[in-house]
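Comments concern the structure below.
The values are calculated or read from the model by the stated rules, or taken from the named source; none is laboratory data. Every value quoted in this text rests on a predicted model; they were computed, and no experiment measured them. All Cβ positions, even for glycine, are placed from backbone atoms using ideal geometry, and neighbour counts span all protein chains on display. Just so you know, the surface numbers come from the protein's heavy atoms only, side chains and all, with ligands and any DNA or RNA stripped out. Shrake-Rupley method; radii C 1.70, N 1.55, O 1.52, S 1.80 Å.
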Amino acid sequence: MLKTPPFPTQDLCLARWTSGMNRSVLRQMLAVVARPGILSFAGGLPAPEMFPAADYGCALNQVLTADSGALQYGPPFAPLKRHIVDLMTRRGVTCSEEQVFITTGAQQGLAVLTRLLLDPGGEAILEEIVYTGVQQAVSPYQPRILPIDTNLYTGLNVDAVANYLGQGHRPAFLYAIPEAHNPLGVSMSLAKRQQLVELAARYGLPLIEDDPYGFLRYEGKLLPPLRALNADWVFYLGSFSKILAPALRLGWLVAPADLVPKLTVIKEMEDLESSQLTQRAVAAYLDTGHLPGHIERLCAEYGRRRDAMLSALERYFPVEACWTHPSNGMFIWVELPPHINTADLLETAVTQEQVAFIPGHAFALPGHARHNCLRLNFSNCTPDRIEDGIRRLSNVIQLTIDNC
Ligand SMILES: Cc1ncc(COP(=O)(O)O)c(C=O)c1O
């Protein structure tokens, strides 16, 4: 057989924006810590044993046998949109089917909104420590990022937003995760939510509200999403990834109905449409009425896991450390003494104690790294393993402190 020489990719002229593009630090780390035997608090993974596989399997089977549109191209599935309107009502948001736009996960929602709102070289407001997916979504546009800091008890700094707007900046949008921030685990206070939507309305600032964790609440009163406080300036992103399963790759946007035709064209450029099979199977699953009970079971189990991690941190971590106390979501953010570099710590933790986390710098905007911070996920391990993993991690931290 004739062997073709490897293609000289160094001679290929790539689009200019890709020169600043690195492989996602987060993905690289996740690949390293996915080795067998590693007890991982690294990924943002739901608990696989909680997936409603049997019920979803029945729905999928029913759709495959009885629905002739299941394997065909087709428009967004209207019965699924009706279910999403009901789900949004449970989240305190009133919207119509015309305002619901089905996406292939919240990540695609972010990508299409970015394409809709952001010009190349335009401005956007992001938190200094923020979900890496938004940094990836904006990077092709090489924007000027206006960074804002985040208070670990009350959420993003709304005064900093007001300052930018007061100075005359008119960014394309502000991205926020008001409920259960990834990676910080903080939820925005009601006062800040109200202040932010008022600013948005006053200055005409579009807000992208990313809410994949909004249904996963373990204590306290559920606060209204930004979209419930302002229907005009807030684009809401929802997802089935954390309440059903990420492999479905199904989410939604709530956006002004008159923008849906434009969003449709943008989405068509990317993937034509979200899988008809998945849309119809999820709608069939939702028809059974099993979702509310499933979410209740998720909240009970994840609440137990969060409590297990918080008490293990209390028991084992050094007094110099502090961490967030999330009332919902999947993550705890830990600050260690300033001289500890969590990238180095990860190496030692993986090799000596076979335990993993994500160092804080993976989530930082350029120039805003927190080298002494780390993110822990609590949804993917049982309480016993959480206790064991936090104890092992604390051994490595203590050793590092002792050696300094
Ligand atoms: C804040 C945030 N937004 C969006 C996503 C992506 O969600 P999806 O799986 O629906 O694309 C994630 C996934 O972890 C996330 O944490």
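Here is how the numbers come out for the structure above:
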{"read-out": "One residue from A180, A160, A176 being farther than 25 Å from V93 by Cβ, modelled with pLDDT of 95 or more, hydrophobic (A, V, I, L, M, F, W, C) and open to solvent by less than 50 Å² (accessible area, probe 1.4 Å)", "value": "A160"}
{"read-out": "Region 51-75 residues that are under 20 Å from E273 (Cβ atoms), paired with ones that are among the acidic types (D, E) and open to solvent by 80 Å² or more (accessible area, probe 1.4 Å) (beta carbon under 9 Å, 6 or more apart)", "value": "A59/D287"}
{"read-out": "Residue count, region 34-49 (criterion: more than 19 Å from the chain's Cα centre (by Cα) and either under 13 Å from Y285 (Cα atoms) or open to solvent by less than 40 Å² (accessible area, probe 1.4 Å) (or both))", "value": "2"}
{"read-out": "Qualifying positions in region 198-220 - more than 16 Å from the ligand (Cβ to nearest atom), open to solvent by 10 Å² or more (accessible area, probe 1.4 Å) and assigned to a loop (DSSP other than H, G, I, E, B)", "value": "G204, P206, Y218, E219, G220"}
{"read-out": "In region 183-196, the residues that are away from the ligand (no atom under 16 Å from the Cβ) and open to solvent by less than 10 Å² (accessible area, probe 1.4 Å)", "value": "R193, L196"}
{"read-out": "Positions within region 259-300 being within 13 Å of P52 (Cα to Cα), touching a residue at least 60 places away in the same chain (Cβ under 8 Å), part of a helix (DSSP H, G or I) and open to solvent by 70 Å² or more (accessible area, probe 1.4 Å), in sequence order", "value": "R297"}
{"read-out": "Within region 155-197, considering residues that are assigned to a loop (DSSP other than H, G, I, E, B) and among the polar types (S, T, N, Q), the one nearest to the chain's Cα centre (by Cα)", "value": "N182"}
{"read-out": "Condition met for V254 (over 28 Å from N377 (Cβ atoms) and among the β-branched types (V, I, T))", "value": "no"}
{"read-out": "Set I148, I177: member being under 14 Å from T324 (Cβ atoms) and either free of Cβ contacts under 8 Å to residues at least 40 places away in the same chain or in contact with a strand residue (DSSP E or B) (Cβ under 7 Å, 6 or more places away or on another chain) (or both)", "value": "I177"}
{"read-out": "Number of the condition not met by T104 [criteria: (1) touching a Ser or Thr at 6+ places or on another chain (Cβ under 6 Å); (2) among the hydroxyl-bearing types (S, T, Y); (3) open to solvent by 100 Å² or more (accessible area, probe 1.4 Å)]", "value": "(3)"}
{"read-out": "Leading residue by the ranking (most open to solvent (accessible area, probe 1.4 Å)) among those in region 221-236 that are assigned to a loop (DSSP other than H, G, I, E, B) and of a type outside the set (D, E, K, R)", "value": "W233"}
{"read-out": "Where a residue in region 381-404 is farther than 15 Å from L313 by Cβ and its partner, wherever it lies, is outside any loop (DSSP other than H, G, I, E, B) and among the hydrophobic types (A, V, I, L, M, F, W, C), with Cβ under 9 Å and at least six apart", "value": "T382/A308; D384/A308; T400/L345"}
{"read-out": "Count of region 310-368 residues which are at positive phi and open to solvent by less than 10 Å² (accessible area, probe 1.4 Å)", "value": "1"}
{"read-out": "Entirely in region 70-154, the strands (runs of 3 or more DSSP E) that have 1 or more residues that are within 16 Å of the ligand (Cβ to nearest atom) and touching a Pro at 6+ places or on another chain (Cβ under 6 Å)", "value": "100-103, 123-127"}
{"read-out": "Selected residue (only one of R385, R392 is farther than 29 Å from T154 by Cα, touching a helix residue (DSSP H, G or I) at 6+ places or on another chain (Cβ under 8 Å), assigned to a helix (DSSP H, G or I) and of a type in the set (D, E, K, R))", "value": "R392"}
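For every residue, the table says whether it meets (1) at pLDDT below 95; (2) within 21 Å of the chain's Cα centre (by Cα).
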{"position": "A308", "(1), (2)": "no, no"}
{"position": "A312", "(1), (2)": "no, no"}
{"position": "C322", "(1), (2)": "no, no"}
{"position": "F331", "(1), (2)": "no, yes"}
{"position": "F363", "(1), (2)": "no, yes"}
{"position": "C373", "(1), (2)": "no, yes"}
{"position": "F378", "(1), (2)": "no, yes"}
{"position": "I390", "(1), (2)": "no, no"}
{"position": "L399", "(1), (2)": "yes, no"}
